[in-house]
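**Q** Got a structure for you, questions after.
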Amino acid sequence: GSHLNSTKVCYDGLTEPRTMAVGFPLRDESETVAEDKILAYADPTQGQDNGKAYLGVVTEKPFAKNLKMENHVLGLSDFDASGAFTYKWGFAWSKEPVNAQTPDMKVWSDYLRRVEAQVKDKLIISY
């Protein structure tokens with residue numbers, strides 16, 4: 001199984017390229033990771049000792065820019081009006097294993113990097 005879902009976003013009616021943002025609201029100063037095609041955040045859960053939710057996004061194309069602003073971590077992408085924006089998103093809980101390891105930000109971001117490598121090197125069959 002996977003911790004991530006896949007989403008393909010298309011906009012009808014756009015006549016020119018736009019900037020697309022994907023990201024997370026930051027509820028505290030927990031660790032974030034922002035790389036070419038990956039965003040991750042260790043979101044605190046509510047209640048005492050409920051662990052953390054490790055949120056993640058993996059894109060097919062590199063972000064044009066990553067930034068933190070107004071309590072959000074964002075990846076900005078240039079969106080071609082005639083195309084689609086495809087990305088994977090999901091989470092892991094610090095109290096459930098990811099690849100037989102207890103998640104922390106290193107385990108989670110390594111998982112996202114492996115997914116990104118699979119997306120980059122996906123098998124395409126033409127007939």
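The values are calculated or read from the model by the stated rules, or taken from the named source; none is laboratory data. What you see is a predicted model, and the numbers here were worked out from it, not measured in a lab. Here the Cβ is made from the backbone with ideal geometry for all residues, glycine too, and neighbour counts use every protein chain on show. The area values use the complete protein model at the heavy-atom level, side chains included, leaving out ligands, DNA and RNA. Shrake-Rupley method; radii C 1.70, N 1.55, O 1.52, S 1.80 Å.
**Q** Suppose we keep just the alpha-carbon trace of region 1-70; what are its Rg and Dmax in angstrom?
**A** For region 1-70, the Cα radius of gyration and maximum Cα-Cα distance read 14.8, 49 Å.
**Q** Here is a follow-up. Just list whichever of 52/95; 8/106; 61/106; 37/88 have alpha carbons separated by over 18 Å in the model shown.
**A** 8/106; 61/106
**Q** What shape does region 30-73 have by the C-alpha gyration tensor, where a ≥ b ≥ c are the square roots of the eigenvalues, rounded means a/c under 1.5, and otherwise prolate means a/b greater than b/c and oblate the rest?
**A** prolate
**Q** In whole angstrom, how far apart do the alpha carbon centroids of region 2-17 and region 72-127 sit?
**A** Here the answer is 15 Å between Cα centres.
**Q** What longest region of the chain stays clear of GluC sites (Glu not before Pro) that DSSP places outside H, G, I, E and B and that have at most 11 other Cβ atoms within 10 Å?
**A** 71-127
**Q** Can you give the angle from 0 to 90° between the axis of helix 105-120 and the longest principal axis of the chain, with both taken from C-alpha atoms, to the nearest 10?
**A** 20 degrees
**Q** Further, regarding this structure: Accessible area, 1.4 Å probe, largest first: how do 93, 108 sort?
**A** Correct descending sequence by accessible area is 93, 108.
**Q** Run the numbers for residue 96 and residue 2: contour at 0.36 nm per residue of separation, minus the present Cα-Cα distance, in nm.
**A** 32.5 nm
**Q** Let me ask you something else. On a full-extension model of 0.36 nm per residue, what is the gain between residue 27 and residue 70, subtracting their alpha-carbon distance, rounded to one decimal in nm?
**A** Contour length minus the Cα-Cα distance gives 14.4 nm.
**Q** Here is a follow-up. Whole-Hz ³J(HN,Hα) for each residue in region 30-35, computed from phi via Karplus 6.51 cos²θ - 1.76 cosθ + 1.60 with θ = phi - 60°, x for glycine and proline: what do you get?
**A** With the stated coefficients, region 30-35 comes to 4, 5, 10, 10, 9, 10 Hz.
**Q** Viscosity 0.692 mPa s, temperature 37 °C: what is the translational diffusion coefficient of the chain from Stokes-Einstein with a Kirkwood Rh over Cα pairs, rounded to a whole number of µm²/s? Walk me through the numbers on the way to the answer.
**A** Working: Rh = 15.6 Å.
The estimated diffusion coefficient comes to 210 µm²/s.
**Q** Please work out whether region 67-127 counts as rounded, prolate or oblate from its C-alpha gyration tensor, where a ≥ b ≥ c are the square roots of the eigenvalues and a/c under 1.5 means rounded, while otherwise a/b larger than b/c means prolate and anything else oblate?
**A** Here region 67-127 falls in the oblate category.
**Q** In the full protein assembly as shown, how much of residue 72 is accessible to a 1.4 Å probe, in Å² to the nearest 10?
**A** Residue 72 has an accessible surface of roughly 70 Å² with all protein chains in place.
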